[in-house]
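J.: Got a structure for you, written out below as structure tokens; questions coming shortly.
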Amino acid sequence: MRNLLPRFAGFLLAVTIVDPAGARSALQRDVEDYAVASCLANQDQAYLKDQGDGWASVIVQRAKGDLEPLKAVAAAVKTELAKGNMPVIRSETEPGKGKALPVLYCNEMIDAPAVRAAIDAAMKKLAAAYRSR
């Protein structure tokens, strides 16, 4: 038992050195980023739509496993978008006017309960594929 303790401590140190910032796994990054990209792809502005489509395409090309879980994430994002909860920054100089913040909205979309549930479900379904490759 005593011989295992130094090995275990060394393992913990190695994990800390490899990932000191607690970076997201490739699986988490791909699924969460796909949600954000899907949100951007559904915006009215051509530039945001183009960026979202391109970003989603990159994720699909590098993704591992079945794409159905990602489709479920995109569907959850569309449902959330339909609620119309876009944040708006109010103008201090022109009362009653404001500017929509779609990038902020899409970034925070991953924390909406239904979207988070879809992300978590997708991660569970894709976990084995990401471990095996």
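FYI, it's all coordinate maths here, none of it is from the lab. For clarity, every value in this text was computed on a predicted model and none was experimentally measured. Using ideal geometry, Cβ is built from the backbone for each residue, glycine included, and neighbour counts are taken over all protein chains shown.
J.: Efficiency by 1/(1 + (r/R0)^6): what FRET value for Ala129 and Leu101, r their Cβ-Cβ distance, R0 = 35 Å, to the nearest 0.05?
T.: Given R0 = 35 Å and the Cβ-Cβ separation, E is 0.50.
J.: On to the next question. What is the dipole size for the range 28-72, taken about its Cα centre, with +1 at each Lys and Arg Cβ and -1 at each Asp and Glu Cβ, in debye to the nearest 20?
T.: Roughly 120 debye for the range 28-72.
J.: For Val58, Val115, what's the fewest-to-most ordering of other Cβ within 10 Å of each Cβ?
T.: Neighbour counts put them in this order, fewest first: Val58, Val115.
J.: Over 24 Å between Cα atoms: which of Lys49/Lys124; Lys71/Lys99; Lys78/Lys124; Lys49/Lys125; Lys83/Lys125; Lys49/Lys99 fall into that group?
T.: Lys49/Lys124; Lys71/Lys99; Lys49/Lys125; Lys83/Lys125
J.: In nm, what is the difference between 0.36 nm times the number of residues separating Arg24 and Asp120 and their Cα-Cα distance? List each step's numbers first, then the result.
T.: Numbers: separation 96, 0.36 × 96 = 34.56 nm, distance 1.36 nm.
Full extension from Arg24 to Asp120 adds 33.2 nm.
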